[in-house]
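Notes for the one structure printed next.
The values are calculated or read from the model by the stated rules, or taken from the named source; none is laboratory data. Keep in mind the model is a prediction, meaning the values are calculated, not measured. Cβ coordinates were reconstructed from backbone atoms using ideal geometry, including for glycine residues, and neighbour counts include every protein chain displayed. Each accessible area value is taken on the protein alone, full model and side chains, heavy atoms only, with ligands, DNA and RNA left out. Shrake-Rupley method; radii C 1.70, N 1.55, O 1.52, S 1.80 Å.
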2 protein chains.
Amino acid sequence: MGLEIERRFLVLGDAWRAAATRSRRLQQGYLAREDGVSVRVRVVGNSARLTIKGPGSLVRHEFEYAVPTAEAEEMLTAFCGGRSLVKTRHDVPHDGLLWEVDVFEGPLAGLVMAEVELPDAHRPLVLPDWAGREVTDDPRYANAALASAAAPPRG
Amino acid sequence: MGLEIERRFLVLGDAWRAAATRSRRLQQGYLAREDGVSVRVRVVGNSARLTIKGPGSLVRHEFEYAVPTAEAEEMLTAFCGGRSLVKTRHDVPHDGLLWEVDVFEGPLAGLVMAEVELPDAHRPLVLPDWAGREVTDDPRYANAALASAAAPPRG
């Protein structure tokens, strides 16, 4: 079982783009969500993964398995109807950590959010200038919630 | 994507036992269920599988992946709390098809149910004498529903 320790922030402006080292488009959907457990299928280029995450916000247990891309695409289409999203993820290194800036598309267009995974929950975090309000504990900004949202949460 | 065509019946009496060819204990839980999609983790002896089933009763689309047994056991414990069940499955060949007779344990003790997978939805089915009421379309008898049940459905 993996342990994911992750903090999430809204992103201010475009300054992060100059520091981005890599970008790729992610298509993901939620097969099912229940009692805080979510099962996600994600396609990135020619690879795909199934991820099971336990309840929680800052710290979550997760299990991840590679699956055939064609099957993941079938699952996205057949099973994730109103529970999917598309975003472009940009890697932005800052202060020795890897920030991932997600630019959402479709009904969530306008939303830009950054995630940073921490080696442990108490690691001090030096925020980049473009990090806005922290939304780690705001359930509206969990991707599993965003996938069902008609528009990005305001405020 | 696999297509599962399956009919389910309650089981009358014990006569099926004489024809059983193989038995094994299954432990399974539901990671999450939403809009008819269910994600199941199942452990049988030293092997384990993750199964994603689409909505439906007689015909369901399904995807299945082998996962490490230790991880499946962790998922059962950590994520499937009130959504799991244990049963012993007996293979009972009848009229050229494989019937699986499930004898449930714990809160579902007393429930015995048989499933038969059909090569196609129109294959005529010769019922064994011990096949009782058909419950294929009764949502209370779906394993995903039984896993949350405090007692077997009556009637």
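List, please: which pairs have Cβ atoms under 7 Å, are six or more places apart or on different chains, and start with a residue in segment B:1-13 that is at pLDDT below 90 and end with one that is outside any loop (DSSP other than H, G, I, E, B) and β-branched (Val, Ile, Thr)?
B:3/B:59
Okay, residues lined up against (1) more than 7 Å from chain B (Cβ to nearest Cβ); (2) surrounded by fewer than 22 Cβ atoms within 10 Å (Cβ to Cβ):
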position	(1), (2)
A:48	yes, no
A:57	yes, yes
A:63	no, no
A:67	no, yes
A:86	yes, yes
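Please work out which residue is most open to solvent (accessible area, probe 1.4 Å), limiting yourself to segment A:88-108 and to residues that are of a type in the set (A, V, I, L, M) and without any contact (Cβ under 8 Å) to a residue 24 or more places away in the chain. Spell out the reasoning first.
Pass one, segment A:88-108, residues of a type in the set (A, V, I, L, M): A:92, A:97-98, A:101, A:103, A:108.
Then keep just the ones that are without any contact (Cβ under 8 Å) to a residue 24 or more places away in the chain; that gives A:98, A:103.
Details: A:98: 82, A:103: 34 Å².
Out of the qualifying residues, it is A:98.
Check segment A:115-136 and report whether any residue there is within 14 Å of the chain's Cα centre (by Cα), open to solvent by less than 50 Å² (accessible area, probe 1.4 Å), at negative phi and among the hydroxyl-bearing types (Ser, Thr, Tyr).
Yes, there is a match, as at least one residue in segment A:115-136 is within 14 Å of the chain's Cα centre (by Cα), open to solvent by less than 50 Å² (accessible area, probe 1.4 Å), at negative phi and among the hydroxyl-bearing types (Ser, Thr, Tyr).
Condition check: crowded, with 16+ Cβ neighbours inside 10 Å, more than 11 Å from the chain's Cα centre (by Cα) and over 14 Å from residue B:20 (Cα atoms). Does residue B:152 satisfy that? Full working, then the answer.
On the way: crowded, with 16+ Cβ neighbours inside 10 Å: yes; more than 11 Å from the chain's Cα centre (by Cα): yes; over 14 Å from residue B:20 (Cα atoms): yes.
Yes, satisfied.
Just to be sure before I move on: is residue B:41 at pLDDT 95 or above, assigned to a strand (DSSP E or B) and touching a Cys at 6+ places or on another chain (Cβ under 8 Å) in the structure I sent?
On the way: at pLDDT 95 or above: yes; assigned to a strand (DSSP E or B): yes; touching a Cys at 6+ places or on another chain (Cβ under 8 Å): yes.
So residue B:41 fits the description; yes.
Go through A:36, A:56, A:13, A:29 for me and flag whichever is under 15 Å from the mean Cα position of the chain (by Cα) and on the phi > 0 side of the Ramachandran plot.
Details: A:36 fails: under 15 Å from the mean Cα position of the chain (by Cα); A:13 fails: under 15 Å from the mean Cα position of the chain (by Cα); A:29 fails: on the phi > 0 side of the Ramachandran plot.
Just a single option satisfies the conditions, and that option is A:56.
Scan segment B:67-76 and tell me whether some residue there is of a type in the set (Ser, Thr, Tyr) and in contact (Cβ under 8 Å) with a residue 60 or more places away in the chain. So that I can check it myself, show each step before the final result.
Filtering segment B:67-76 down to residues of a type in the set (Ser, Thr, Tyr) leaves B:69.
Filter again for in contact (Cβ under 8 Å) with a residue 60 or more places away in the chain, leaving none.
Among the residues of segment B:67-76, not one is of a type in the set (Ser, Thr, Tyr) and in contact (Cβ under 8 Å) with a residue 60 or more places away in the chain, which makes the answer no.
Scan segment A:1-19 residue by residue and report those that are more than 14 Å from every other protein chain (Cβ to nearest Cβ) and either surrounded by 14 or more Cβ atoms within 10 Å (Cβ to Cβ) or polar (S, T, N, Q) (or both). Explain how you work it out, then say what you get.
Of the residues in segment A:1-19, the ones more than 14 Å from every other protein chain (Cβ to nearest Cβ) are A:5-19.
Result: A:5, A:6, A:7, A:8, A:9, A:10, A:11, A:12, A:16, A:19.
If we keep just the residues of segment B:20-30 that are of a type in the set (S, T, N, Q) and open to solvent by 20 Å² or more (accessible area, probe 1.4 Å), which is farthest from residue B:67 (Cα to Cα)? Full working, then the answer.
Of segment B:20-30, the ones of a type in the set (S, T, N, Q) are B:21, B:23, B:27-28.
With open to solvent by 20 Å² or more (accessible area, probe 1.4 Å) added as a condition, the list becomes B:21, B:23, B:27.
Numbers: B:21: 27, B:23: 22, B:27: 14 Å.
Of everything passing the filter in segment B:20-30, B:21 is farthest from residue B:67 (Cα to Cα).
Do we find that residue B:72 is within 14 Å of chain A (Cβ to nearest Cβ) and over 13 Å from residue B:27 (Cα atoms) in this structure?
On the way: within 14 Å of chain A (Cβ to nearest Cβ): yes; over 13 Å from residue B:27 (Cα atoms): no.
No; evaluated as a whole, the condition is false for this residue.
Name every residue in segment A:31-46 that is within 11 Å of chain B (Cβ to nearest Cβ) and either over 12 Å from residue B:31 (Cβ atoms) or open to solvent by 50 Å² or more (accessible area, probe 1.4 Å) (or both), in order of residue number. Outline the logic, then answer.
Start the filter on segment A:31-46 by keeping residues that are within 11 Å of chain B (Cβ to nearest Cβ), which leaves A:31-41.
Result: A:33, A:35, A:41.
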